[in-house]
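First the structure, in the form of structure tokens, and then the observations on it.
The values are calculated or read from the model by the stated rules, or taken from the named source; none is laboratory data. Since this is a predicted model, take the numbers as computed values, not measurements. Positions of Cβ are backbone-derived with ideal geometry, glycine not excepted, and every protein chain shown enters the neighbour counts. Ligands, DNA and RNA are stripped out before the accessible areas are found, and what is left, the full protein with its side chains, is counted by its heavy atoms. Shrake-Rupley method; radii C 1.70, N 1.55, O 1.52, S 1.80 Å.
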Amino acid sequence: MYTDTHCHLEMVQGQVPHEIVSRANAATVDTLLTVGVDLASSAECVHTASAIPGVWAVVGIHPHNAMEATRGVLERLTLLARHPRVVGIGETGLDYYRDHAPRDMQRDAFRAQIAMAKQLRKTLVIHCRDAHDDLLAVLADEGAPERVVFHCFSGDTDMVSHCAEQGWSMSFSGTVTFANAPDLRAAAAKAPVELLLTETDSPYLSPHPLRGRTNEPARVTYVAATLAELHGMSAEQMAQLTSANARRAFVLPADAAAA
């Protein structure tokens, strides 16, 4: 019933993806997208998605790892992205909060992955933190792919309006449940329901009341419940809605949970 459009199954220490997915399935989370942050983790994501029904892969280079985005690595990533279990390119984008990579390298890596998404007709999965103006400028300059998802959406209501105008999906994580995030909930409440997605970003950002613990895809139900409350519907209705949105945003098959 539920879909986690952004998790990192390979990053949970001491656990194997099969166990994590089994717990998610028990919580009626039947479709998961596991996301790479560099070439090595992207390859692991494809391996996991190939081995477990209901799991799909997104491959890319996180802005923190932008220095890795050499021509050779990008060529290898492109080959990996052609795998039939890969439904997106990312997570890519800009992160000016931590600045783990020089900003010019972040922008170059982002541009390269925009081009890759367009070339391969894959969904672009964006990470953006404290860099919305520059990120939008790069997207405008390069031309956005047909399908764009803002993962772990952190923008304000103006950003929601811009995304809505462009038809870009907005994926909300456990942060929308935090007591100190009223502005984010206001943004989520304004987002058109047809553009809403749910995610965990696990093993990070465990939702309230489990904040601070290692997160996992089973907890995407908390995110859906919060979005449901904001939009005046039941959690089950939100689950069905966001799962349908995910199938459309990532061009997943109708039987994505079993495939």
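General remarks:
- Computed over the alpha-carbon atoms, segment 8-72 gives an Rg to Rh ratio of 1.03, Rh here being the Kirkwood radius from the mean inverse distance.
- Normalised by residue number, the volume inside the convex hull of the Cα atoms of segment 44-111 is 85 Å³ per residue.
- Of the accessible area of segment 1-61, computed with a 1.4 Å probe over protein heavy atoms only, carbon and sulfur atoms account for 57 percent.
- In terms of overall dimensions, the C-alpha atoms belonging to segment 50-197 reach 43, 38, 27 Å along their principal axes, ordered largest to smallest.
- Efficiency of FRET between A258 and R71 - r from beta-carbon atoms, R0 30 angstrom, step 0.05: 0.20
- Calculated on the alpha-carbon coordinates, the convex hull of segment 139-244 measures out at 102 cubic angstrom per residue.
- Every Cα-Cα pair of segment 94-163 was included, and the share exceeding 21 Å stands at 20 percent.
- Summed over the residues of the chain and divided among them, the accessible surface reaches 41 Å² per residue at a probe radius of 1.4 Å.
- Placing +1 on the Cβ of every Lys and Arg and -1 on the Cβ of every Asp and Glu, with nothing else charged, gives segment 151-220 a dipole about its Cα centre of roughly 340 debye.
- Projecting the Cα atoms of L94, T70, I52 onto the charge dipole of the chain, computed from C-beta unit charges around the Cα centre, puts I52 farthest toward the positive end.
- Nearest-20 debye value, segment 168-259 charge dipole, Cβ charges on Lys, Arg, Asp, Glu: 120
- Using R0 = 25 Å, the C-beta based FRET efficiency linking E165 and E236 works out to 0.25.
- Evaluated with a Cβ-only charge set (Lys, Arg +1; Asp, Glu -1), the chain carries a dipole of roughly 460 debye about its Cα centre, given to the nearest 20.
- CD proxy at 222 nm, helix term only [per DSSP H run n ≥ 4: -39500 (n - 2.57); per residue of the chain; nearest 500]: -13000 deg cm²/dmol
- Overall dimensions of segment 153-206 by Cα: Rg and Dmax, Å: 10.8, 32
- If you wrap segment 207-258 in the convex hull of its Cα atoms and look at it from every side, the mean projected area works out to 4.4 nm².
- Residue among V138, T198, N180 farthest towards the positive dipole end of segment 135-206, charges placed on Cβ: N180
- Taking max minus min of the alpha-carbon positions on each principal axis, segment 9-127 gives extents of 44, 30, 21 Å, largest first.
- The coefficient of translational diffusion for the chain, derived via Stokes-Einstein from the alpha carbon Kirkwood radius under 37 °C and 0.692 mPa s, stands at 185 µm²/s.
- Rounded percent of accessible protein surface that carbon and sulfur make up, segment 173-259, 1.4 Å probe: 53
- Given their separation in residues at 0.36 nm each and the Cα-Cα distance between them, D183 and K118 gain 20.1 nm when the chain is fully extended.
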